[in-house]
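Report on one structure; see the data block that follows.
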Amino acid sequence: MSAVSETIVREYFELHGFLVRQQRKYLAPTRAEDEEIDFLVINPAAGPAAQERPFVLHSSDLAHVARAVVVIKGWHTDTFSPGVLACAPEIFRFLEPAVFQPSARALGAGAVPLKLLVVPALPQTPELREQSIQFLRDKGVDGVLPFRTMLADLIAHVQVNHNYQKSDLLQIIRILKNYDFCKDPQMELFKPKRRRRAGKAEG
């Protein structure tokens, strides 16, 4: 799993006030070991949720997550469709008691931590999307965080007039924003649409 993907996830959780512990810092010698839990996260300021937590998490939902084990699947060119999930049982090995329970104990006494999966994308069509969500639920996953959500939030929070010397990722985002290669997602919503040329409009 790419160190870049790890960095994105770590920066995202730290942005939202989580304490992040990396499960291990060495390169796994075997594929099986590489499929363990990546991060253990604790939110010291977590509060009770006013309503049921959605399965596909947004940044606002993190305020109600007290602790979680996080597994990152940085397959950035893939969509986690039902077919992909069915053909990749290794995705769910972190849910096995031999893997999950030691990590849960490492988070200390308290509520059982959530089992969160960081994914590139879920299907866009409602039917396939719901099938993927149900597949993940049935396997024991408590929620997913899309990379798009994480990156959009990081981009929105980085300020051009701040110097992020202690974070290469944030510093790169800052530079891209400074040169207008990277726009705040919320700003794009209000960007005026380009007018169609008269010739095309009449045709």
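Please list the non-local residues whose amide H lies under 5 Å from the amide H of VAL56, H modeled 1.01 Å from N, same-chain partners needing a gap of 5 or more. For VAL56, the qualifying residues are VAL144. Dipole check for the range 3-153: with +1 at the C-beta of Lys and Arg, -1 at the C-beta of Asp and Glu, and the Cα centre as origin, the magnitude is about 280 Debye. Spatially, the range 136-164 and the range 63-124 are offset by 15 Å when compared through their Cα centroids.
Can you give the FRET efficiency for ASN161 and ALA109, using 1/(1 + (r/R0)^6), R0 = 35 Å, r = Cβ-Cβ distance, to the nearest 0.05?
Approximately 0.20, to the nearest 0.05.
Taking 10 °C and 1.306 mPa s as conditions, the range 14-138 diffuses translationally at an estimated 101 µm²/s according to Stokes-Einstein applied to its Kirkwood radius (Cα pairs).
Amide H contacts of VAL118: VAL71, ILE72, LYS73, LEU145, each under 5 Å away and 5 or more positions distant or on a separate chain (H built 1.01 Å from N in the peptide plane; Pro and chain starts excluded).
List the pairs from LYS73/LYS183; LYS139/LYS183; LYS115/LYS177 whose alpha-carbon separation is above 31 Å, in the order I gave them. Mind dumping the intermediate values first?
Details: LYS73/LYS183 26 Å; LYS139/LYS183 37 Å; LYS115/LYS177 33 Å.
From the list (LYS73/LYS183; LYS139/LYS183; LYS115/LYS177), the Cα-Cα distance tops 31 Å for LYS139/LYS183; LYS115/LYS177.
Simple rule: put +1 on each Lys or Arg Cβ and -1 on each Asp or Glu Cβ in the range 112-191, find the dipole, and look at LEU117, LEU154, LEU170; the Cα lying farthest toward the positive end is LEU170. Counting only DSSP beta bridges with both residues in the range 3-153, tell me the antiparallel percent, nearest 5. For the range 3-153, the DSSP antiparallel bridge percentage is about 45.
Bear in mind that the values in this text are calculations on the coordinates, not laboratory data. Computed from a predicted structure; not experimentally measured. Note: ideal-geometry Cβ built from the backbone for every residue, glycine included; neighbour counts use all protein chains shown.
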